[in-house]
Amino acid sequence: MDYLSAIQHVLNPAVLLFILAGVMVGLVVGTLPGLTSVMAVSLITPLTFKLDSTYGFAMLLGVYNSAIFSGGISAIAINTPGTPASIAQTFDGYSLSRRGRTGFALGVNTIYSVFGGLFSTVCLMIACEPLARLALHFGSAEYFWLAFFGLAMMISISHANVVKGLLAGAIGLLLSTVGLDPLLGNKRFTFDNVSLLNGITFIPVMIGLFGISEMLYQMYTHKKTDERREEDIAHMGDKERVLPTAKEHRRMTLPALLGSIIGVVVGVVPGTGGDISALISWDVTKRISKHPEEYGNGSIEGLAATSASNNGAVGGALTTALALGIPGDSSTAVLLGALTMYGMVTGPTLLTKSADFVGRLYIIMLVANLIILPVGLLTAKACIKLLSVKSNYIQMAVLLICCIGAYSMNRSYTDVIIMFIAGIAGFFFRMYQYPLGPMVLGLLLGEMCETNLRRTLMLSNGNPVRLINTPIAIALMILVVAALVSPLISDLRAKKKAK
């Protein structure tokens, strides 16, 4: 992979401008509670399809990295995570803010978010190619189990029970069958609608599930939070220093490094994300800390570890997505969908057929994190002012952007209808606590599952033993079973312990 050429391409002023634009969009979206990184990437994706692929992904990766970092701003300022990945930052960040050390806490969040992001990007560059080379030896049976494993992992770590996760995943798989049969070319579930011949478009579904449904849910569960936000903002100290001292850095470096490692490892596992890695990192670093009593009461070590960990998960999630074609989290699922829309074949062959493009993605990730550092330090306090914006204004703006984004991709009203149907379905999913992740992965991985399952059975004249006739296939099958059974065992143990 020619990194020198990739660096020269990315350092083009136009590419840098798109990275900066993405960072600024992510900064705003991540700071505002309720507007997640998945929503931001979903809304921006349709607007990038008219751009060159490098420009488009420069903006998307800028949004992705910045939204994860800036979710910590509202977590620190008003005890409300801007994104789910920032939940653990409320444990210590808000305590520091209530002591009048808001500026310092925001500085720690910025510096160690960038630390985690850079660390995970280096890990991505090292691990992605060997993992992809291993996957190139996979046959149709292995690809079937790999896709099924990605779906099973999302189901197993869903906050809802496994049955609800299975049902959501099954709905996603059913939606992936709409359109032309991938092997025979027959029409399936198109209802004579020409717009559905190519299947249900992934991006409008994502916009509906994570954009429309979120706004509908916020409107339905509307609470008087604006007054509390203003009260919290009024308590913030404006003269507090932002940069930590050398002594404070020495205390925070080891927890941040450990958090970054945990973030990468957890992020590699399909279906996990920054929220899980940050919670694990907070608990692990507390156990080894010399000052565990400070955790939960304004520990700078705890804040540094969680800030580094949730951003470290970004590189881990992208490793799985680029090397195997299995999204590490919902945001990387959108990015894989965008790669498909750009005409690229996702999975292990991506690194061989589009090596130059992947090299640029690595450099874009590094540059995006480096841009976040000065932007975050200079604008963090200014971003707090965004928290005083009334929720109804934000909701109306997001709904408008959702409609524009869904229509602009194919200029199709069918996509807008699909978006609203997905949004209404997502709203009821949230109301009855059904996870959205398995449905998203079912739609994205459905064709991969079906095509490789049918191809394997065709080659073996219908003999299902062909699905488990290699060590890799057997290992993946065992992982699938373990992913589905382990939550059930955990629930039984919890019930037994409660009794």
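The values are calculated or read from the model by the stated rules, or taken from the named source; none is laboratory data. Computed from a predicted model, the values in this text were never measured in an experiment. Glycine gets a Cβ as well: all are built from the backbone with ideal geometry, and neighbour counts include every protein chain shown.
Quick notes on this structure:
- Just one residue in the set ALA67, ALA58, ALA85, ALA77 is farther than 18 Å from SER331 by Cβ, of a type in the set (A, V, I, L, M) and in contact (Cβ under 8 Å) with a residue 40 or more places away in the chain; that residue is ALA77.
- Residue check for ILE364: farther than 30 Å from ASN12 by Cβ, among the β-branched types (Val, Ile, Thr) and buried (at least 24 other Cβ atoms within 10 Å of the Cβ): no
- The set of residues in region 305-318 being aliphatic (A, V, I, L, M) and over 13 Å from the mean Cα position of the chain (by Cα) consists of ALA305, ALA308.
- Residue match in region 58-78 (condition: among the hydroxyl-bearing types (Ser, Thr, Tyr), more than 17 Å from ASN311 (Cα to Cα), more than 16 Å from the chain's Cα centre (by Cα) and modelled with pLDDT under 85): no
- Residues in region 221-248 that are touching a helix residue (DSSP H, G or I) at 6+ places or on another chain (Cβ under 9 Å) and either of a type in the set (A, V, I, L, M) or modelled with pLDDT of 80 or more (or both) were compared, and the one that is surrounded by the most Cβ atoms within 10 Å (Cβ to Cβ) is MET236.
- Test result for ALA40, touching a residue at least 24 places away in the same chain (Cβ under 8 Å), crowded, with 22+ Cβ neighbours inside 10 Å and more than 19 Å from ILE394 (Cα to Cα): no
- Condition check for VAL345: crowded, with 23+ Cβ neighbours inside 10 Å and either among the hydrophobic types (A, V, I, L, M, F, W, C) or touching a residue at least 40 places away in the same chain (Cβ under 8 Å) (or both): no
- THR54 vs. criteria in contact with a His (Cβ under 8 Å, 6 or more places away or on another chain) and assigned to a helix (DSSP H, G or I): yes
- Residue match in region 101-111 (condition: part of a helix (DSSP H, G or I), under 20 Å from the mean Cα position of the chain (by Cα), surrounded by 22 or more Cβ atoms within 10 Å (Cβ to Cβ) and touching a residue at least 12 places away in the same chain (Cβ under 8 Å)): yes
- Restricting attention to region 441-499, the residues that are buried (at least 16 other Cβ atoms within 10 Å of the Cβ) and outside any helix (DSSP H, G or I) add up to 1.
- Scan region 319-334 for residues that are in a helix (DSSP H, G or I) and either over 9 Å from the mean Cα position of the chain (by Cα) or of a type outside the set (A, V, I, L, M) (or both) and the total you get is 9.
- Checking THR201, THR190 one by one, the residue that is in contact with an Asp or Glu (Cβ under 8 Å, 6 or more places away or on another chain) and under 29 Å from TYR407 (Cβ atoms) is THR201 and no other.
- Checking MET206 against (1) modelled with pLDDT of 80 or more; (2) of a type outside the set (Val, Ile, Thr); (3) within 20 Å of GLY446 (Cα to Cα), the condition it does not meet: (1)
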